[in-house]
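Just below is one structure, and these are the notes that go with it.
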Amino acid sequence: MRSILRTGDPIVRSVAALCMAGFVVGLSFGAIAAAAHVPLVKIVAMSVLVYAGGAQFLAVGIGSAGGGVVAIILAGLLLNARHVPFGLAIGDVIGDRAVTRVAGSHVMTDESVAFALAQSEPAARRRAYWITGIVLFCTCNVAGVIGALAGSAIGDPATFGVDAAFPAGLLALVLPSLREKPALRVAVAAAVAALVTTPFLPAGLPVLVALVGLVFAIPLPLRERATSS
């Protein structure tokens, strides 16, 4: 671990800054779940075994509204369907062994994937992915327990403006790649699709709709051929 977390490493510094926001979000989840009368053992189990921030908040919301287990599972699967293309993108980063693939898949988040793909060298991609995944996992779980014990005093992360920290961090990682025209086309198409559907779809689903922007990564001759066929 010491060889991975090298002092002065820019990746470590960036992840440390991101974890500050992650800690507050974890506190908020624990507090909101406790306020919804979710037992501490279930809060801990959800954080450790599910580990999907949006799906965790969604599960508490559906459960509080009277929704059943099936509704919670289906909503969580739909919300996290974006992890399928994420897995394809970083399959070579987490290694070939079954243990590392299971562990790497479990700590997969938007942030760990973005940090990994922002690196140009394979070794740097692996380090960025594992550092981000492991540190965020530990941070969010510890914060969730503290938040659950603190009760509902913390409230919604939007109150502190921390909910904007994750999107801002991801945007900073993506910006350099937007100098390339294919990436810019994908980003613009995805943003338009998400913005247009946001007023009509539940939270989280516009992100999935934005995946249609990947069509613009296909070279134009191939798109025309696929359309004509």
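How do Met46, Met20 rank when sorted from fewest to most other Cβ atoms within 10 Å of their own Cβ? Could you put the intermediate results ahead of the total?
Numbers: Met46 20, Met20 11.
Going from sparsest to densest Cβ surroundings: Met20, Met46.
With a ≥ b ≥ c the root eigenvalues of the C-alpha gyration tensor of the stretch 1-141, is it rounded (a/c under 1.5), prolate (a/b larger than b/c) or oblate?
Numbers: a/c = 2.47, a/b = 1.63, b/c = 1.52.
Judged from the Cα gyration tensor, the stretch 1-141 comes out prolate (a/c at least 1.5, a/b above b/c).
Which ³J(HN,Hα) values, rounded to whole Hz and listed in residue order, are derived for the stretch 45-55 from phi using the Karplus coefficients 6.51, -1.76 and 1.60 in 6.51 cos²θ - 1.76 cosθ + 1.60 with θ = phi - 60°, glycine and proline given as x?
With coefficients 6.51, -1.76 and 1.60, one gets 4, 5, 5, 7, 8, 8, 6, 8, x, x, 5 Hz.
None of the figures in this text is laboratory data; all of them are computed from the coordinates on show. All values derive from a computational prediction rather than experimental measurement. Glycine also receives a Cβ, built like all others from the backbone with ideal geometry; neighbour counts cover every protein chain displayed.
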